[in-house]
Amino acid sequence: MSYCKQEGKDQIIFVTKEDHEAPSNAELVEDDPNDPYEDHGLILPNGDINWNCPCLGGMASGPCGQQFKDAFSCFHNSKEEVKGSECIDFFRGMQECMQKYPELYPQEDDNESAPSGEAESFQTSNNANKNKTSSYS
Amino acid sequence: MADLPTTTTYLETSQQDDTGVPSPTINTRGRFLLRHERTPQFVQPAHMSSGPSGGGGENTLYFVLVGATCLAGGAYAYSTLVGDRERYQQRITEIESRSSKPAAEPSTPAKTQPETAAQAVSEPTEASEPASAAASTAVEPTHAPYLLIGGGTASFAAARSIRARDPGARVLIVTEEDDLPYMRPPLSKELWFSDDPTVTETLRFKQWNGKERSIYFQPSSFYVSPTELESVENGGVAVLTGRKVMHMDVRGNKVKLSDGTEISYDKCLIATGGIPRNLQVIERAGDEVMKRTTLFRKIEDFKALEKVSRELKSITIIGGGFLGSELACALGRRSADLGLEVVQMFPEKGNMGKVLPEYLSNWTTDKVKKEGVKVLTEAVVKNVTYKEGKVEIKLKDGRVVKTDHVVAAVGLEPSVELAKSAGLEIDSDFGGFRVNAELQARSNIWVAGDAACFYDIKLGRRRVEHHDHAVVSGRLAGENMTGARKPYWHQSMFWSDLGPDVGYEAIGIVDSSLPTVGVFAKATAKDTPKAATEQSGTGIRSESETEAVAGSVAVGKAAPTPPPQQKEDYGKGVIFYLRDKVVVGIVLWNVFNRMPIARKIIKDGEEHADLNEVAKLFNIHEE
């Protein structure tokens, strides 16, 4: 059973699982989907790509940022049956650029699409061990 | 180039003695000229060599010899000066033609320039300065469309934001430090838990799920060299290390660096962060104490303290806030292996006394003690001396602590030295540069990170010294520098881990002086920071929040441990901080991955009659 105690200005409530089973009646304000101030995900309300999305990691801002933006924009706007089939050249350009920076873009086969393409920061331990140099000065 | 002196001048300045013969001046030219003037007179006595003034003849010979030497010397000096002037002119024209090319120039010819220029005898010193300045700007940029002052988290986040939004942007970061931008939280957490003996060199840390990363945001290959910034095709981010911005000319849109270089900008970000505060009693205690005191902030401080922890027998941490408590816990865990005594002292009644309500602060203090730390609460330092090879700390209540090394973690002083030359406002309540809700100080100047005192539309004017705020504000500043015109809206969060059993995330204004309502459930073995990351499969607790945030997992021992000992109380829960009945801050106590709900509640800013109902939204009993 829940119980309450007060320590000066601080109130403390202990609750059991059962106490919290009933759904909350706390009222939350409706979110405005077009809120201009709000941070948006990968796609902005107007359909554009949010290049500043944290989900992209540094893909759009690194040395191959321009190539990445070109490739991904093409893919995003593609209306072909096989989406992005006309964007092969852009993707090739991006791949060529990335090969020049193996430290930043370790070669992973499924690195083409943006959301899984956090090539720089969050590598698996395999790649991290591959690049285990200490020269970051 | 000074004009050759006229004869009149020299005659006027020469001194005359009673004999009517002007005594030699120090200037050979003058002597030469005087000689020349006076020679007819002296020639005459020579004719009287056979007279009683036989000494006159010898004198004559002497004078002639001296005269000839002076003549020769003067002629040589004259030719050298003229020759040097010609050479100097040649060099200047050469340098000017060079500086107009953007190609990178090796700096060694630049260095030899000032040396040879200075060798000229009466060459004014200004000649060497324009030579070296012209040579160095040939190497490095003189103009940056985006200039970021400071090379920390906020600056890096801004750089990334600018590059994402402005294609081909050229961003120049100028930092005092010698390191590329790096994240600070692991310096007092993960790096201490690493098993790798070379961690002080690699600065890499392994998270629970095996993912390893460096504290540097990006390796050096990410950045463009400063000399190539103006020319590289798609722009980039360049970092000028070891340079401090000393002076800011807001009207002229330019800054001056510690080495005299001037860089002009279109848009500028001030992200100078701060420097650790020190206690007056330590500053007054003398060199022997200062030598044994660490003000912890940077990579070099981490390296130094790590070395100290292996070599000395006792370390005392003064300060009971985030940094002090985290360092105490980190060192406390090593204390058994290293035979190290770890003491922590602070004026409050418990760890995090200014952040957590008293009951929780006391509970936390117990946990810290279990990490092997000797905690002295309600400890106010009276004076510090160096005695018999030990640092002796005397407290106001009479207690004495003898230790080998002191770490002062007593707050941060925001770096606002540029405010004077830039004419920017400093906030008297919170410190830091005063900026508006869009982080702008003046037309082309923004401030982000620890140094920014900004207006938060929801919570009022504040200054925040947390990592995620640096990321959020840096990103926002970058957006606004590229025309977004957005106010501070996405509330930043912070977190802390004090050992494997105590971890919390928080958001908003978390001040223990506010009335609080805490809703707690009984914790199970699954509710620890370690479990949180294992379950979510991410090595970085805040990955869902902002990607550039460091891992926050405390590393436990590899050997199987019994389920953590937890009291019935305060295992896990949610604590609401209220101001005028509105929730302005929330602490998620050993409850993870619920930050979006907390953020929503703060954003709403509503008065809730029953906070237990609000607490239900967090499902604290579930994983």
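Every number here is computed from the coordinates shown, using simple stated rules; none is lab data. Since the model is a prediction, treat every value here as computed from it, not as a measurement. Methodologically, a virtual Cβ is constructed for each residue, glycine included, from the backbone with ideal geometry; neighbour enumeration extends over all protein chains shown.
List of remarks:
- Computed label-point distance, nm, for sites B:Val64 and B:Leu312 using a 7 Å Cα→Cβ extension: 8.1
- In loop segments of the stretch B:395-492 as defined by DSSP, the GluC sites (Glu not before Pro) with at most 16 further C-beta atoms inside 10 Å of their C-beta are B:Glu417, B:Glu425.
- With a 10 Å cut-off around each Cβ of B:162-171, the average count of Cβ atoms from other chains is 4.
- You can think of it this way: the chain between B:Ser221 and B:Asp511 has 100.2 nm of extra reach, that is 0.36 nm per residue less the Cα-Cα gap.
- Pair B:Ser421, A:Gln107: separation of 7 Å Cα→Cβ label points (nm): 4.9
- Here each label is just a point 7 Å from Cα along the line to Cβ, and for B:Asn436 and B:Asp301 those points are 3.4 nm apart.
- Derived scalar couplings ³J(HN,Hα) [the stretch B:578-588; Karplus, 6.51 cos²θ - 1.76 cosθ + 1.60; whole Hz; x for Gly, Pro]: 10, 9, 6, 6, 9, 6, 10, x, 9, 10, 9
- With 0.36 nm allotted per residue and the present C-alpha distance subtracted, the B:Glu228-B:Glu413 stretch has 63.1 nm of extension available.
- Debye, to nearest 20: dipole size of the stretch B:277-426, +1 on Lys, Arg Cβ, -1 on Asp, Glu Cβ: 320
- Subtracting the Cα-Cα distance of B:Glu201 and B:Glu283 from their residue separation scaled by 0.36 nm leaves 26.5 nm.
- Amide hydrogen proximity for B:Arg213: with H placed 1.01 Å from N in the peptide plane, the residues at 5 or more positions away or on another chain lying under 5 Å are B:Phe205, B:Gln207.
- Flagged links, alpha-carbon separation over 32 Å, of B:Lys206/B:Lys256; A:Lys69/B:Lys420; B:Lys313/B:Lys367; A:Lys5/B:Lys402; B:Lys256/B:Lys307: B:Lys206/B:Lys256; A:Lys69/B:Lys420; A:Lys5/B:Lys402; B:Lys256/B:Lys307
- Scanning residues 5 or more positions from A:Asp10 or on other chains, those with amide H under 5 Å from its amide H are B:Thr516, with H placed 1.01 Å from N in the peptide plane.
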